[in-house]
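For reference, the structure discussed in these notes is given below.
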Amino acid sequence: MTGFQRWLLVVGILILSGIAIPYGALSGGTVSVEVFVFWCVFGAAVVVAIAAGVTRWRG
Amino acid sequence: MISPTLIWVSVLLFTLLGGAIALKAARGNTGTADDYYLGGRNIGGMVAGLSYAATTYSAFMLVVLTGLTYRGGVGALGFELIYFSGLTLLVLFGPRFWLAARKWGFITPAEMLGARYGDRTIARLVAVLSLVFLMPYCTTQMAGIGLLLSGVTGGDIGLPAAILTGAVLAILWTLIAGLRSVAWTDAVQASLMLISALLAVGFVVAAIGGVDSFVAKVKASNPQWLDVPGPGLWSLPTFLALALPWFFFPLSNPQVSQRLFAVRDVSALRRMIFWVLGFGLVFTLIAVIWGFAALVLTPGLENSALATPALLGSGAVPVGVSLLLIIGVLSAAVSTLDSIALTLGSMVARDLLNRGAGRDATQVFIGRVIVVLVVVFAAWFALQKAQIVDQLAALSAAGLVVTVPATIGAFFWRGGTAWGVLASLVGGSAVAVYMAIFAGVSVFNPLLATTVIGVTVALFVGVSLITPAREEALDFQTALRPELDRHRVW
C-alpha cells in the first residue's frame with residue numbers, strides 16, 4: 001500500500017467515523033457532552049490529516 | 001436593543017477602513033484580466049487563506065448555523081464539521097487546480113473544465129449553472145444582513161437600509177481593484193469576524209457563570225440538545241442530506257475553487273490551507289457555542305434565525321463588543337457576496353461572452369458590469385422575498401454538486417468525454433430543479449442529494465463510455481504529472 005493509499009484510507013475511515021460514532025455508539029446514552037467533545041476531536045483529526053497530506057509538498 | 005446611530009457610526013468606520021484597504025490594493029493592479037480576477041496570480045498564503053475563509057464562512061454561520069444549534073442542538077456541529085472535512089479534497093485538488101491554471105492560463109474553473117474536455121459549451125453551461133444557483137445564494141446573504149440589523153435595533157433599521165448597506169460595500173470593494181481589493185478586504189473582514197466572535201462568546205460564557213455552569217445549565221434545561229438526533233431536527237437522514245452536498249463545496253463552488261488559481265506558489269497554497277483550517281475550526285465552534293448560549297440566555301424564540309440578534313440584545317455582551325460582532329456578521333455577508341459577484345463576473349466575461357486573450361479591458365469592463373448586476377439582483381430579490389429565489393438558494397449546494405464528477409474526472413479519469421460531461425450537467429441539474437421545485441422534495445431529505453449525485457455520476461460515466469473524446473481535449477494527468485512529482489504532490 002502506497003503512502004497516498006494509506007492516507008486516503010485513514011481519511012475515509014475518519015470521515016465515516018465522524019458520522020457513525022455519534023449516531024451509533026454515543027447516541028442515546030446518559031446526558032453528557034460526549035458527542036460535542038467527540039466532534040471537537042474529529043475536527044482536530046481532520047486538521048492533522050490534511051497537514052499530513054500537505055507537509056510533504058515542496059516549493 | 002442597540003441604538004441605530006451607534007450601528008451607523010460603526011458601519012461608517014468599517015466602510016472607511018475597507019475603502020482605504022481596497023484603494024491601497026488597487027495600486028498593484030495593471031489592468032489585465034489576470035490582475036483583476038486573480039490578483040496577478042501572486043496572492044500570498046495568509047491573505048489567500050483568510051480570503052478563502054471569509055468567502056466560505058458567510059453570514060450563514062452566525063445566523064443559520066447558530067439558529068440550527070438553537071433549534072436542534074449539537075448535530076449542527078457535526079454537520080458543519082463534515083463540511084469542514086471536505087477541505088481534505090484540497091490535498092489532492094489544490095495543487096492540480098493551481099498547476100493547470102498556471103500552465104494553460106485559466107481564470108475560471110468553468111474555463112478549465114471546457115479546455116480539459118475540449119468543448120467550450122461545457123464552460124458556458126458551468127457558468128450558467130453557477131449563475132442560476134449562486135445568485136439566489138447572494139440573496140440569502142443580503143437577507144442575513146437585513147435580519148441582523150433589523151433584529152438588534154428592534155426594527156429601527158429596516159430591511160431596505162440594511163440591504164443597501166451590504167450592496168454598496170460589496171460593489172465598492174469589488175469594483176475598486178477586483179480580487180486584490182476583495183482578497184485584502186476579505187482578510188481584514190475574516191480577522192474582524194474571528195476576533196469579534198471570540199470576544200462575544202467569552203462574554204456570554206462569563207455571563208452564564210463560566211464553562212462548568214454553562215454545561216450544567218444546558219444539561220438541566222435542554223439535555224436532548226447535547227445528543228443526536230437531539231430534539232428532532234438532526235435525524236441521520238437529515239444530517240446526511242445536508243452534509244453530503246456540502247462536503248464537496250471546495251470543488252463545486254467556483255468562488256472558492258477560483259481562489260486556488262490566485263496563490264503565488266505551492267508553499268503559499270499550503271499556508272492558505274492552514275489558515276482556512278485554523279479559521280474554520282475555531283469559527284465553527286464559536287457559532288455552535290453561540291447557539292447554545294442563546295438557548296440558555298434567550299430561550300423560547302419562535303424563529304431560531306433570530307438567536308444572534310436576541311443574544312446581542314440580552315445585555316450579556318457589552319455594546320462595544322456587540323457592535324464589533326454586528327460588523328463581523330456584516331463582513332461575513334459582504335465578503336461572500338463580493339467574492340461570488342467577482343467570480344460570476346469573470347465567468348460571464350470569459351465563458352459566456354467568450355472575451356478571451358488580448359481583450360483584457362473588455363473582460364474587466366464586463367466583469368464590473370456583472371458585479372453590479374449580481375449585487376443589484378441579490379438586493380432586489382432579498383427585498384421581494386421571492387419564494388423561487390429562496391428555493392434555489394437552498395438548492396445551491398445540491399445544484400452545484402453536479403459539476404463535481406466532471407471535475408474529479410478531469411484530473412483522475414482519462415475516459416471522461418465532453419458528451420459525458422454535458423449529459424451529467426444537464427441531467428443532474430434538471431433532476432435537482434425538478435425534485436426540489438416541482439416535486440417538492442426538501443433539501444432536508446437525503447433522497448434529493450443522493451439522486452442528484454447518482455444521476456450525475458451515472459450520466460458522466462455511462463455517456464463517456466459510449467462517446468469518443470474530443471481531439472482538442474487536454475490530458476491533465478499526463479501533462480501535470482512531472483510538475484506534481486516535482487512538488488511532491490500525490
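Each residue in the stretch B:459-490 was checked for being surrounded by 13 or more Cβ atoms within 10 Å (Cβ to Cβ) and touching a residue at least 12 places away in the same chain (Cβ under 8 Å), and 20 pass. Filtering B:Ala243, B:Ala200 for residues that are away from chain A (no Cβ under 14 Å) and either within 22 Å of B:Pro446 (Cβ to Cβ) or not aromatic (Phe, Trp, Tyr) (or both) leaves a single hit, B:Ala200.
Residues in the stretch B:264-278 that are part of a helix (DSSP H, G or I), touching a Phe, Trp or Tyr at 6+ places or on another chain (Cβ under 9 Å) and either open to solvent by 10 Å² or more (accessible area, probe 1.4 Å) or modelled with pLDDT under 95 (or both): B:Ser267, B:Arg270, B:Trp275. Could you list, in sequence order, the residues of the stretch B:345-359 that are modelled with pLDDT of 80 or more, open to solvent by 20 Å² or more (accessible area, probe 1.4 Å) and of a type outside the set (A, V, I, L, M)? The answer is B:Arg350, B:Arg359. Screening the candidates B:Phe79, B:Phe93 for the property of being assigned to a helix (DSSP H, G or I), within 12 Å of chain A (Cβ to nearest Cβ) and surrounded by fewer than 21 Cβ atoms within 10 Å (Cβ to Cβ) yields one hit, B:Phe93. Could you tell me which residue of the stretch A:1-26 is nearest to the other protein chains (Cβ to nearest Cβ), considering only residues that are in contact with a Phe, Trp or Tyr (Cβ under 7 Å, 6 or more places away or on another chain) and at pLDDT below 95? Across the stretch A:1-26, the extreme among qualifying residues is A:Phe4. Within the stretch B:153-209, the residues that satisfy the criterion of being surrounded by fewer than 22 Cβ atoms within 10 Å (Cβ to Cβ) and on the phi > 0 side of the Ramachandran plot are B:Gly154, B:Gly155, B:Gly209.
If you check B:Ala439, B:Ala432, which single one turns out to be over 18 Å from B:Arg124 (Cβ atoms), open to solvent by less than 20 Å² (accessible area, probe 1.4 Å) and modelled with pLDDT under 95? Testing whether each residue is over 18 Å from B:Arg124 (Cβ atoms), open to solvent by less than 20 Å² (accessible area, probe 1.4 Å) and modelled with pLDDT under 95 leaves just B:Ala432. For the stretch B:116-125, check the following and say yes or no: at least one residue is without any contact (Cβ under 8 Å) to a residue 12 or more places away in the chain, farther than 28 Å from B:Asn42 by Cα and either among the acidic types (Asp, Glu) or open to solvent by 10 Å² or more (accessible area, probe 1.4 Å) (or both). No: zero hits.
For the stretch B:1-56, which positions are open to solvent by 40 Å² or more (accessible area, probe 1.4 Å) and either among the basic types (Lys, Arg) or within 20 Å of the chain's Cα centre (by Cα) (or both)? Once the filter is applied, which keeps residues that are open to solvent by 40 Å² or more (accessible area, probe 1.4 Å) and either among the basic types (Lys, Arg) or within 20 Å of the chain's Cα centre (by Cα) (or both), the stretch B:1-56 yields B:Lys24, B:Arg27, B:Met46.
Can you tell me which residue is surrounded by the fewest Cβ atoms within 10 Å (Cβ to Cβ) among those in the stretch B:226-240 that are more than 8 Å from chain A (Cβ to nearest Cβ) and in contact (Cβ under 8 Å) with a residue 60 or more places away in the chain? Among them, the one singled out is B:Gly232. Listed conditions (1) small (Gly, Ala, Ser); (2) buried (at least 18 other Cβ atoms within 10 Å of the Cβ); (3) more than 8 Å from chain B (Cβ to nearest Cβ) are all met by A:Gly53, apart from (3). Scoring B:Val228 on the criteria (1) within 22 Å of B:Gly278 (Cβ to Cβ); (2) outside any helix (DSSP H, G or I) leaves a single failure, condition (1). Among the criteria (1) more than 14 Å from chain A (Cβ to nearest Cβ); (2) in contact (Cβ under 8 Å) with a residue 12 or more places away in the chain; (3) under 27 Å from B:Ser235 (Cβ atoms), the one B:Pro446 does not fulfil is (1). Kindly check whether there is at least one residue in the stretch B:394-401 that is modelled with pLDDT of 85 or more, within 27 Å of B:Asp35 (Cα to Cα) and either in contact with a Leu (Cβ under 8 Å, 6 or more places away or on another chain) or surrounded by fewer than 24 Cβ atoms within 10 Å (Cβ to Cβ) (or both). Scanning the stretch B:394-401 turns up at least one residue that is modelled with pLDDT of 85 or more, within 27 Å of B:Asp35 (Cα to Cα) and either in contact with a Leu (Cβ under 8 Å, 6 or more places away or on another chain) or surrounded by fewer than 24 Cβ atoms within 10 Å (Cβ to Cβ) (or both).
The values are calculated or read from the model by the stated rules, or taken from the named source; none is laboratory data. All values derive from a computational prediction rather than experimental measurement. Neighbour counts run over all protein chains shown; Cβ positions are idealised from the backbone, glycine included. Areas reflect the complete protein model, heavy atoms only, side chains present, ligands, DNA and RNA absent. Shrake-Rupley method; radii C 1.70, N 1.55, O 1.52, S 1.80 Å.
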